[in-house]
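Beneath this line is the structure, given in structure tokens, with notes to follow.
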Amino acid sequence: MALLRTLLKRLLPSPPTIAAETGGPRPQVPQWLPYLQDLPEGRYLWCACGRSGRQPFCDGSHAGSGIEPVSFEVTRKTGTLWLCGCKHTRNPPLCDGAHNWRNR
């Protein structure tokens, strides 16, 4: 978990607010559990709207939703990343356990 926090601080120094909490559009929930991903180094777009057919990655389905994907980079092999599946994390793209307390 400490590794995930370190990675998060490097990727997103100030996590964005969930759009739905500010009166913005609500994302769809493709699954209530995280996506476990072993990713090679590279840049990725995490689907924040929940509409993508390639979860947890963006396929452009967000067009017109008012929700944009979150860009992130894997700079070294970190092991398994837990990417949010419920789209309610406060630390996108990483799961923060929000699926445990959000209304289902």
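Applying a DSSP loop filter and a limit of 16 other Cβ atoms within 10 Å to the GluC sites (Glu not before Pro) in region 18-100 leaves 41.
Scoring 45-51, 31-37 by mean Cβ neighbours within 10 Å over their residues and listing the highest first yields 45-51, 31-37.
Readers should treat all values here as calculations from the given coordinates under stated rules, not as data from a laboratory. As the structure is a prediction and not an experimental result, all values here were calculated from the model. In this analysis, Cβ positions are derived from the backbone assuming ideal geometry, glycine residues included, and neighbour counts consider all displayed protein chains.
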